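The values are calculated or read from the model by the stated rules, or taken from the named source; none is laboratory data. Values in this document were obtained by computation on a predicted structure and should not be read as measured data. No Cβ is skipped: glycine too gets one built from the backbone with ideal geometry, and neighbour counts run over all protein chains shown.
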């Protein structure tokens, strides 16, 4: 079987996560890594046996032996790097988001389509064994015809003021994952959206505009299949990273719980419960998902299959977060007909629903 | 200690539930029971050692020794019977609803207030040990400042077409309990409400008007304390009666699960899980709640305390269900300022929040 | 249907438990209660509507209208009172143990048999919905052919020194219930037994003789069906009253957990677990079992069925606890052939295994 | 930091497991692998980027650049290969058992001690995050002073007749892991042992001698600290691989559950429980433990620490399994004073209790 030669842009925290994931993937071999602070690229190369390193992302993109580029740079560079990859004929695995605004997102997607390179938006939750199991139950009809989807998503603690400010708010920087998950589970396109937000945790952000002032929000999405998904998000859960899904069908319900580092339970004189707290954030909670998304994209490259999570999927998640912000601000249902960019998305032919049966349910760690 | 002499109107299913609950209450003694089909009254009297029985509810209401009347008749008789009780100076324990329309509800409440008799709306879920525990965690600050409330409520299977038709729909005949529970847990008054409904289970009801056509709905209530409660209801849960609550606060979360007849778990070659299904409906699930609400009202009578769940509480639940219906129909947020009857409710002085610490957390069965 | 007129001996803690249980039983009516301190009998009579009270147990036993006597007196009086009941032709419901030594136990059993009155040993755990569910799974073949039984039994805290001293030790005053449960679940007679004890909690009892010096013990019982049951007991479980069973069969396993006052779970910054502790001791944990055993015995009386838990069952439990003590002291397997009193037990014709399907799985509180 | 050059003997199933584990370990690099069927060595070398392969284990042992040898060959070769490694001055990581009889085990241990090379017995369960968490709770005093240890260990299905025949029976081929775990958790040396076995699953093995005829067994081990550990094992658990531990202390209890591939729960009309079955056997269940033991031994090599699980630990586990067999056969407590080889073990200075806090609780996959 052909091995994919991978170039990695970025040796920061998420770059390291992807190097670890790539180490579990027999089909892929990182051959070069870049980072502006080149010493970080060098260290990562040493640790993960990557033969070359550089300070310049272009060296990665234009490396003659590189088949696919893993973009793990800050968000503002994504769109340009994707377009450069497309120009160089390299497949692209890009950390969410594709770009920071909608026009650039569409441009980047179109560039890949025109160059006939595969583009993967790394919405890793789709590849988490828990969420993938819910998807499978729906696809397989284990819960019957789908009736309703509910998602709960709470970060362990609020981000710094500077992160929130200018980030576009809770729908764009946080709920975007849940909006994508609701669409993934629903297997339908959104029709209209209703959102409401409020601030209860960190009152300092109340001065910020629009959805940036919220740390708590509830969203209802009505889909074309007439089903609704309900999402609640909060920037603080003192008990850890809270990520749960529930799907009700005509034959039953499936729901997922959070993940703990072990199964031990303690029974003391003042409490009986888990011996340890749930995983504390996405780096630990979604470790397996990062491996699975890597395997899934490598499989797509090796077998020339559609990207398991397309650029259009990333675009639609962004559109939904924008529409949620409009709804919360205007206190009304927002129809997706009102958002012109939806056209770019619904026209897409590659908006494949990832098949969790084939990919994600063969966990590497078993 | 004084024993309350109780008269019971109605020897149907719910009447029997209350006779059983009264049997657990040392402060109360049923002395007469009525039922139009007098043989049912006679049988119940024999089984529960009630000395007198009659076919005529007036014999109960006007019995010289009766201190309090338990109204367990069909809903359409409630308002008149409450008013007759008020006239006769008898305290009233009334199965929800107080009346079938708002004007009569207010009349009945006012009649009791004028006659200075206590009126209890039997919203039994407030007295369930599970929901009461959530309330206690909120009141005691165990979860910190409240951030959000979520309720899930699913009946085991849809009611007959004839029950749905003319019943006012899913918000009025089903979600009314959850709307009350959200207000109870929130400890605040509702500001505006958003609802959406759909039909996925029994397509025969789709021909019915308004909310009668829904078997699935989602509701967001924004309260005056700026917090939101999210409620999802469905007329069918193949796995049993599903009644769960979750409250997030600044210090943590509390959530309840459904109840099972035993703790046994089976581990077989194709499944590992509970040996038996959850309790199947309100008669089994809320058995303890029926006892606790009885104890709470008897305590209020003996010690001359406010009714633990007032007529105004019943009225507000009705108002909320009406507003939810408006919202779903009109596809918009409905403000409670738009509902004139709210005035009757918010003017009320007795709208006490029941204290679960004192009452419900001393379960009879321990 | 005939109502059983019941006389109750003893208005102490366990007497009150049985009065409460009798209140839930439509077939039984307490008509007289005795207690040496007559004021306690009077109070109990008032609270539970018992028409007569007395200081003299003989008044109960010889009351002309009494059909059955509930013996809730201290253990040393049991044997004589049973024999008096037999003489008076009254059926007997007797709190465990039948008597404090084996000879008297056999005498009491024989007296009842000779007088043709029913004798029930109130080993309430057999009627607990959780243990009864394990029995049902075994009987119904849900776990296939039985392979192994395991029981864990831990009291919340050690009893006072004076209770332990002279009580015969941990096998007799505590494990006796578990030995009976292992035999009940196994549905076979014990062949040999191995026990080992030690002291880790309250070192003051180490001076006591034999098994009185133990607060922790492990027992293996080999049954005639070649299966073994393993029992571990401890006088202290800081997290509450711990009572669990596990049965492995050729098709699967069934296990029970402890019981909690509600289903609420708390998720805080330093723990995630049950919001409240398990029930703290037998009075709360076995509340339902007390009701069920009462219903079962009343049913046996009304329908003239064998006692659901016979005197011989009580005798065998006693024999097993004695044999366990011998084993621990002598550090060897003790065969039941070595215990002559077993003869009285295995000769018994009434050693019926209680059928949990018929009785215990119709909980009163559903 | 120095990288350990590793030679691997054996490219069978367990050899592959260790190659995968080594891939997660930045301190170790496999440089040669051997297998008698050399094509398997070649395939493994290709898949895991091992530069050299051979059909001859001696090439591995005597390779000049190899620092440590991972022995993954069939058990009968272990002792000789360990001695050859010692002679060549190579550290040894050996799959359990060290040797198939006691004399050879001691010889192998002594050879390593004389050559001053480290010897690790790969008892991987000690490094499982769940069992390690129990150990930590005991070591840290979270459950107070230890009172009792209980272990349950059930294979998913019985091995073939040919595996059982001549394998020494259930204590030696199966319970040996649990005996070691009980000693590990107890942190004390065994004083006497009592075992009983029976056959309920596969009656064909009943013709085999001694403990080979058992598929079910219960063991009590009394330790020098006066505490007992109780172990039950069975060769069949239709619901999957069942591996649970429970430790009771004076302040509380800790217990572990089995592991599932995801957290999803299904609620259908005839069951509510885990959406998927537990991991089915040691390859999936102990995946993380294999990584952790590798990390722990590499750490010992890099920092010149004692072996985290010594040869003496392996020897003692073997001795305990032999003693259990004697007990079951002779129906009596067997004292470890009766086993002369214990001397070799208790004289050992390296019988270190592995510290789970330092090693195992830093899971690679977080």
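Does residue A:236 meet the test of being in the same structural domain as residue A:146 (by TED's automatic domain parsing), within 23 Å of the chain's Cα centre (by Cα), at pLDDT 95 or above and assigned to a strand (DSSP E or B)?
No; evaluated as a whole, the condition is false for this residue.
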Kindly provide the set of residues from the range D:201-217 that are within 13 Å of chain C (Cβ to nearest Cβ) and crowded, with 23+ Cβ neighbours inside 10 Å, ordered by number. D:214, D:215, D:216, D:217
Would you confirm whether or not the range A:112-134 contains a residue that is in contact with a helix residue (DSSP H, G or I) (Cβ under 6 Å, 6 or more places away or on another chain), farther than 30 Å from residue A:284 by Cβ and touching a residue at least 40 places away in the same chain (Cβ under 8 Å)? yes
Can you find a residue in the range B:246-266 that is more than 9 Å from every other protein chain (Cβ to nearest Cβ) and at pLDDT 95 or above? yes
Can you work out which of the residues in the range A:240-253 that are surrounded by 24 or more Cβ atoms within 10 Å (Cβ to Cβ) and within 23 Å of the chain's Cα centre (by Cα) is nearest to residue D:129 (Cα to Cα)? A:240
Residue C:156 touching a helix residue (DSSP H, G or I) at 6+ places or on another chain (Cβ under 7 Å) and either at pLDDT below 95 or assigned by TED's automatic domain parsing to the domain that holds residue C:232 (or both): no
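State all residues of the range D:220-235 that are over 11 Å from residue D:190 (Cβ atoms) and within 7 Å of another protein chain (Cβ to nearest Cβ); if no residue qualifies, say none.
D:226, D:230, D:232, D:234 - these are the residues of the range D:220-235 that are over 11 Å from residue D:190 (Cβ atoms) and within 7 Å of another protein chain (Cβ to nearest Cβ).
Name the single residue, out of those in the range A:275-289 being out of contact with any helix residue (DSSP H, G or I) (no Cβ under 9 Å at 6 or more places or on another chain) and surrounded by 20 or more Cβ atoms within 10 Å (Cβ to Cβ), that is nearest to the other protein chains (Cβ to nearest Cβ). Outline the logic, then answer.
Narrowing the range A:275-289 to residues out of contact with any helix residue (DSSP H, G or I) (no Cβ under 9 Å at 6 or more places or on another chain): A:277, A:280-281, A:284-285.
Imposing the further condition that a residue be surrounded by 20 or more Cβ atoms within 10 Å (Cβ to Cβ) reduces the set to A:277, A:285.
Working: A:277: 7, A:285: 9 Å.
Per the stated criteria, the residue is A:277.
Listed here are the residues, each with its yes/no results for (1) within 14 Å of chain B (Cβ to nearest Cβ); (2) buried (at least 22 other Cβ atoms within 10 Å of the Cβ).
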| position | (1), (2) |
| --- | --- |
| D:270 | yes, no |
| D:291 | no, yes |
| D:294 | no, yes |
| D:326 | no, no |
| D:342 | no, no |
Do the conditions hold for residue D:339, that is, is it modelled with pLDDT under 65 and under 17 Å from residue D:221 (Cβ atoms)? no
Determine which member of the set C:55, C:73, C:34 is closer than 30 Å to residue B:27 by Cα and either without any contact (Cβ under 8 Å) to a residue 24 or more places away in the chain or more than 26 Å from the chain's Cα centre (by Cα) (or both). C:55
Identify the residue in the range B:86-99 that is at pLDDT 95 or above and not in a loop (DSSP other than H, G, I, E, B) and, among all such residues, is surrounded by the fewest Cβ atoms within 10 Å (Cβ to Cβ). B:87
Residue hits (the range D:150-197; without any contact (Cβ under 8 Å) to a residue 60 or more places away in the chain and surrounded by fewer than 22 Cβ atoms within 10 Å (Cβ to Cβ)) are D:160, D:161, D:162, D:163, D:165, D:166, D:167, D:173, D:188
Test for residue A:226: is it on the phi > 0 side of the Ramachandran plot, surrounded by fewer than 23 Cβ atoms within 10 Å (Cβ to Cβ) and without any contact (Cβ under 8 Å) to a residue 12 or more places away in the chain: yes
Answer yes or no: is there a residue in the range D:130-151 that is more than 25 Å from residue D:342 (Cα to Cα) and not assigned by TED's automatic domain parsing to the domain that holds residue D:251. no
